[in-house]
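Q: Before we start, here is the structure in question, set down as structure tokens.
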Number of protein chains: 4
Amino acid sequence: MQPMTPMYRDEEDLRHDVRAACVRACNLCAEACNSCADACLGDPAVAELVICIRTNLDCADMCATAAEILDRFRGYHPELARAVIEACATVCDVCAQESRSQADRFRRCEIAADACETARDACRQMLAEPALV
Amino acid sequence: MQPMTPMYRDEEDLRHDVRAACVRACNLCAEACNSCADACLGDPAVAELVICIRTNLDCADMCATAAEILDRFRGYHPELARAVIEACATVCDVCAQESRSQADRFRRCEIAADACETARDACRQMLAEPALV
Amino acid sequence: MQPMTPMYRDEEDLRHDVRAACVRACNLCAEACNSCADACLGDPAVAELVICIRTNLDCADMCATAAEILDRFRGYHPELARAVIEACATVCDVCAQESRSQADRFRRCEIAADACETARDACRQMLAEPALV
Amino acid sequence: MQPMTPMYRDEEDLRHDVRAACVRACNLCAEACNSCADACLGDPAVAELVICIRTNLDCADMCATAAEILDRFRGYHPELARAVIEACATVCDVCAQESRSQADRFRRCEIAADACETARDACRQMLAEPALV
């Protein structure tokens, strides 16, 4: 049976500012991807943007979930947190490439691509914290 | 630039019923985990169940996201879908163990544990489909 | 300060089966609307279906939120639950009409329209329960 | 049948900055409420905080949904958007009172109460825009 009170990890294992930066980057990426998806949906060229829309919706969902799970992380089940953050880094990387391929045509796609890269890098930095290894 | 019309994968690469079973198992797991978390929250022994609640909330979020992303999957960016389904299988496996450890005390935890195992196995079967390899 | 243990409402105020039916109808509606939105997104006629897609995404979000909130409802703050279920009934009604207008062309829109009407009616029945008045 | 291209509302009917402020306030409220719920969940006094946790989870869900729906709003179906924003204002108001009642004990509850009031007021301002009347 689990202990009565949660055991919090030491600050050395999981730096508060690294975690906070990752949560924030994921939430901002979710916002940017949702905005990009919605603007593409309203674009006259929507038929050419279907993959971009779907990838942005995927990335928004994954980032929002990763942010919530990371926010709840207290050192228990590090393999759970690790799997989620790794998946989020991969999804952000794919979406960054997809959005970057449209960045010449649409400023919103460039913004989404930037947000995806920032979130991907924040996830990778998070994965280097001892609490997640 | 991406093609004008989405290219759908061949039925041999991604069997419709395997995908549908995985989406459904993830959605049912999300429901079971949300119910378990909420019932534990209302339990007089809530202070002993905090890790169980957090793990169930994590699993509910991950499963709901995986189901949405898998539902949108059309063969593009298989590395994105693969990363998400792998993470979902891991989260379900952790949550199954956590819930199983409470299954003697609470019937709802047993139900959640069963739903987690079903979703985990459906994710693993999905990962064997050629479209995701 | 709030009491130490949650006070559950009497079964006469909130019939368990009415609530369960409403939660289920909202979740099924969310699934149907997400599927409809995604299929419309992949349709060659996507440019004509933008309003239908947006309305379906709105309805899916509102229904999923209503289901979660209703699932957590224990008799406290009935004005909160009432506001959410009323909004859900309105959103379902609007989406039912929007989807019905496409039902001749697309079977998926007909399915979504049916699910919206079922969820709308379940919400209205829920609103007649004494616990929510 | 709906027109081929979406009809965007005039800027006079729906001021861009009023909408953007409302979306932002709702998203920040969702973050604050999720954080408050999670911190309460990890508090030794968790058993006294169950209603506060549930209300915060409700408010976080409603605000996130309202933000997404408002972000997608293009002047169509104003009754849908109106119902959602009205519900969000009510939920924020209830959660503000609930969180305020704990603000003496916990700084996080005070932060959540402030965020709820800001989001409630932003929703009410939004409801005064002609596009939503």
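The values are calculated or read from the model by the stated rules, or taken from the named source; none is laboratory data. Only a predicted model underlies this, so the values are computations on that prediction, with no experimental measurement involved. Cβ placement follows ideal geometry from the backbone for every residue including glycine, while neighbour counts extend to all protein chains displayed. The area values use the complete protein model at the heavy-atom level, side chains included, leaving out ligands, DNA and RNA. Shrake-Rupley method; radii C 1.70, N 1.55, O 1.52, S 1.80 Å.
Q: Could you work out the equivalent-ellipsoid semi-axes for chain A, taking the square root of 5 times each eigenvalue of the Cα gyration tensor, largest first, in whole Å?
A: The equivalent ellipsoid of chain A has semi-axes of 33, 13, 10 Å.
Q: State which stretch of chain C is the longest one without any exposed GluC sites (Glu not before Pro), exposure meaning a DSSP loop state and at most 16 other Cβ atoms within 10 Å.
A: Answer from the scan: C:13-133.
Q: Which percent of the accessible area of the range D:16-132 is formed by carbon and sulfur heavy atoms (probe 1.4 angstrom)?
A: The nonpolar share, carbon plus sulfur, comes to 50 percent.
Q: A further question on this structure: Mind checking the angle between helix D:16-41 and chain D's longest principal axis? C-alpha axes, 0 to 90 degrees, to the nearest 10.
A: The two axes meet at around 20 degrees.
Q: Net charge near C:V84: determine it from the other residues with C-beta under 11 Å of the C-beta of C:V84, scoring Lys and Arg +1 and Asp and Glu -1.
A: -4
Q: With a 10 Å cut-off between alpha carbons and a GNM built on chain B, which of B:L80, B:L28, B:L70 moves the most?
A: Result: B:L80 has the largest fluctuation of those listed.
Q: Let me check I've understood the local charge: for C:S99, count other residues with C-beta under 13 angstrom from its C-beta, Lys and Arg +1, Asp and Glu -1. What total comes out?
A: Combined, the nearby Lys, Arg, Asp and Glu give -1.
Q: Moving on to the next point. Comparing C:V91, C:V46, C:V23, which has the greatest mean-square fluctuation in the GNM of chain C with Cα pairs linked when under 10 Å apart?
A: C:V46
Q: Cα extents of the protein assembly as shown along the three principal axes, largest first, in whole Å?
A: 58, 50, 40
Q: If you build a Gaussian network model of chain D, linking Cα atoms that sit under 10 Å apart, which residue out of D:R54, D:R82, D:R108 swings the most?
A: D:R54
Q: Lys and Arg at +1, Asp and Glu at -1: add these up for the other residues within a Cβ distance under 9 Å of B:A113 and post the number.
A: Within the 9 Å Cβ shell, the charges total -3.
Q: How much mean residue ellipticity at 222 nm does chain C get from its helices, if each DSSP H run of length 4 or more adds -39500 (n - 2.57) and you divide by all residues, to the nearest 500 deg cm²/dmol?
A: -24500 deg cm²/dmol
Q: Now, a different point. For the pairing of chain D with chain A, what total accessible surface becomes buried, with a 1.4 angstrom probe, in square angstrom to the nearest 100?
A: So the total buried area for this chain pair works out to about 1100 Å².
Q: If you don't mind, there's one more thing I want to ask. Any idea how far apart A:S101 and D:R100 come out in nm if each label point goes 7 Å out from Cα toward Cβ?
A: In this crude label model, A:S101 to D:R100 measures out at 5.2 nm.
Q: List the relative contact order of chain B as a percent without decimals, with contacts defined as Cα pairs under 8 Å and 6+ residues apart.
A: 34
Q: If you fit an axis through the alpha-carbon atoms of helix C:50-72 and take the longest principal axis of the Cα set of chain C, what angle between them do you get, 0 to 90°, nearest 10?
A: The answer is roughly 20 degrees.
Q: Only protein chains counted, 1.4 angstrom probe. Which residues of the range B:39-57 are at least 10 Å² less accessible in the assembly than when their chain is isolated?
A: Buried-area filter returns B:L41, B:G42, B:P44, B:V46, B:A47, B:E48, B:V50, B:I51, B:I53, B:R54, B:T55, B:L57.
Q: Measuring with a 1.4 Å probe in the full set of protein chains, what accessible area per residue, in whole Å², belongs to chain A?
A: Dividing the accessible area of chain A by its residue count gives 39 Å².
Q: Continuing with the same structure: May I ask for the angle, rounded to the nearest 10°, between helix B:107-127 and the longest principal axis of chain B, with both axes built from Cα atoms and the value confined to 0 to 90°?
A: For B:107-127 against chain B, the angle is about 20 degrees.
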